[in-house]
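Asker: Below is a structure I'd like to ask you about.
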Amino acid sequence: GQQFEEDIRSVVNELAEDYRQSFMAEEGAVLNPKEVEARRQQMIFELNSTGRYYDFKEKLKRSVQRIVREKFHKEGLDAASEEGKMFMSTLYVHLQETINATLNNTFKPKPTKAPKADAPGQLAKVHAEELRLAVEAEINLNYGLASAHLNQRIILAPADPVLWYDYGVLNIRCGDLAKAEECLRESLSLDPRHTPALLSYGVLLCTRDRFADAETYLKGATEYSPNDVLAWSMLVLFYDIESRDLDRRAALKRVLSIEKTQGVGKRSAYLRAGALACELQGTQLVERAATQELQKNGPSEDLSLLLARTYLSVGQWGQCREHLAEALSKDKRCAVAMTLQGHSYFLELGWHAVKADQRSMLSSAREVVVWYEKALAQRSPHIEMAQYVRLAKLYLFLDKNYEAKEILLKACQHGPSATTWLGLGLACYRQKELDQ
């Protein structure tokens, strides 16, 4: 690792000297924008034509190979395998952090003594940034990178139960239930009263048919958080599955009492529990909740959307669209259903992995775009980052660069990220707006 840092520092220093000679005007002189661009192009040309760019790359390549051998102890790994993808994501994060640290130390050295009071604040900032990067990676369906970012938070603060909980829930969405169980158990060992972890672990155990164990954790959530309406709603569904009608009635009575005394908005216990199970890919639990909801309260738009989200999360596209059609039949202006419809086509067709030259995908791209555009055109539009990012990708594929720029500007305001800024830069470049 130290050799890589030294090589980065060496390259940076050389480039900085080139920059100084090319861009620092004589004292009192001012470079105009055209002159700056001409000098930048000349600098890039010289780096390539003289072979210095190749030399830099080869120097860093040797350092990276050494890191792979000595720090990660990896050799002969298939980069296309799941293990290989996970390792590449971890390596990328490590190298990026090393480069950032070296650049910061070079151009913005740290003070010799940082005030101790800043440490907790700094750690919170790092945790927030790693979480933001994990969310961005998950939107791009790069679960390996998302996992690496959440794992980095744990490395920095291994005794924080919230970090283990976040990592566990991500692993559920990734389908790695064994890893998810390990993380949730660690979260609860650090804080046995952590209600979200208790509920999530209870749901996970139900999906693995370990109902006796699940009851312990679901009941624990209600004991530690007696006024948590979601915890009691989850127990209502659990007792329903177990055919324990007296216990179910008692839990339901508690739900209604909390709604009345705590000012919690009224909602069916089955829809509440189903929503949590949906987030944790507990398809069978959602289906059971939906059956009971249908029997007791009849069909509704909320129920159709819950089932659609559930089947979308597990890739059952036909069932997903069936329930979206139900939702739209109840409300033809339902923007949420339109967005989910767009997601279903985007994911089924593998648009996240489509390359720019796959022109055979043009007609299917337009089909997805129609649904996203409909959702955003409603009087009460449904807005989420995944929708913005995916619609922008499709616009760029269709060479609708103006539309891509507009949607990416909104995305950068809503949730700025490397993905949104890079897309915006590409849209501006294609429109010859180089000053942007």
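Asker: Quick check on my link table: of 59/179; 393/432; 219/296; 332/410; 61/400; 179/405, which ones sit more than 30 Å apart, alpha carbon to alpha carbon?
Answerer: 59/179; 61/400; 179/405
Asker: Here is a further query. Specify the angular offset, from 0 to 90 degrees and rounded to the nearest 10, of the alpha carbon long axis of helix 283-297 from the longest principal axis of the alpha carbons in the chain.
Answerer: 50
Asker: Here's a follow-up. Using the scaling law 2.2 N^0.38 Å as the reference, what is the normalised Cα Rg of segment 369-427?
Answerer: Working: Rg = 10.5 Å, N = 59, 2.2 N^0.38 = 10.4 Å.
Computed over Cα atoms of segment 369-427, the ratio equals 1.02.
Asker: In whole Å, what is the distance between the alpha-carbon centres of segment 254-310 and segment 159-181?
Answerer: For segment 254-310 versus segment 159-181, the Cα centre distance is 24 Å.
Asker: Also: Output the relative contact order of the chain, whole-number percent, from Cα pairs under 8 angstrom with separation of 6+ residues. Don't skip to the end; give the middle numbers.
Answerer: On the way: 439 pairs, mean separation 30.7, N = 436.
Here the relative contact order equals 7 percent.
Asker: I'd like the orientation of helix 143-156 relative to the chain: the angle between its Cα long axis and the longest Cα principal axis, in ° from 0 to 90, rounded to 10.
Answerer: Approximately 90 degrees, to the nearest 10.
Asker: Now for a separate question. If a paramagnetic tag sat 7 Å from the Cα of residue 259 along the Cα-Cβ line, which residues of segment 268-296 would have the backbone N under 17 Å from that point?
Answerer: Once the point is set 7 Å along Cα→Cβ of residue 259, 268-276, 289-296 turn out to lie under 17 Å by backbone N, inside segment 268-296.
Asker: Just to be sure I understand the model, the point goes 7 Å from the Cα along the line to the Cβ. What's the resulting residue 129 to residue 40 distance in nm?
Answerer: Placing both labels 7 Å along Cα→Cβ, they lie 2.4 nm apart.
Asker: Additional query: How far is helix 362-377 tilted off the main Cα axis of the chain, in degrees rounded to 10, range 0 to 90?
Answerer: Roughly 70 degrees between the two axes.
Asker: With label points built 7 Å along Cα→Cβ from the Cα atoms of residue 373 and residue 267, find their separation and express it in nm.
Answerer: 3.3
Asker: Let me ask you something else. Probe 1.4 Å, all protein chains in place: accessible area of residue 189 in Å², nearest 10?
Answerer: Rounded to the nearest 10, the figure is 80 Å².
Asker: Between residue 13 and residue 246, 0.36 nm times their residue separation minus their Cα-Cα distance comes to what?
Answerer: Gain in length upon complete extension: 76.5 nm.
Asker: May I ask you to evaluate 6.51 cos²θ - 1.76 cosθ + 1.60, the Karplus curve with θ = phi - 60°, for each residue of segment 229-235 and list the ³J(HN,Hα) values in order in whole Hz, giving x for glycine and proline?
Answerer: 5, 5, 4, 5, 4, 5, 5
Asker: Please give the solvent-accessible surface of residue 309 in Å², to the nearest 10, using a probe radius of 1.4 Å with every protein chain present.
Answerer: 90
Asker: Taking amide hydrogens as modeled 1.01 Å from N in the peptide plane, which residues meet the under 5 Å criterion relative to residue 400, leaving out close sequence neighbours?
Answerer: none
Asker: Something else about it: Name the most mobile residue of 171, 140, 48, meaning the one with the largest mean-square fluctuation, in a Gaussian network model of the chain with Cα contacts below 10 Å.
Answerer: Fluctuation is largest for 48.
Asker: For residue 301 and residue 422, compute 0.36 nm times the residue count separating them, minus their Cα-Cα distance, and round to one decimal in nm.
Answerer: Extra length available between residue 301 and residue 422 comes to 39.9 nm.
Asker: Modelling each spin label as a point 7 Å along the Cα-to-Cβ direction, I'd like the residue 59/residue 88 distance in nm, to one decimal.
Answerer: Between residue 59 and residue 88, the label points sit 2.7 nm apart.
Asker: Can you list the HN-Hα couplings for segment 200-207, worked out from phi with the Karplus curve (6.51, -1.76, 1.60; θ = phi - 60°), rounded to whole Hz and with x for Gly and Pro?
Answerer: 5, 5, x, 5, 4, 5, 4, 5
The values are calculated or read from the model by the stated rules, or taken from the named source; none is laboratory data. Everything numeric in this text was worked out from a predicted model, so none of it was measured. Neighbour counts run over all protein chains shown; Cβ positions are idealised from the backbone, glycine included. Side chains included, ligands, DNA and RNA excluded: accessible areas come from the protein's heavy atoms. Shrake-Rupley method; radii C 1.70, N 1.55, O 1.52, S 1.80 Å.
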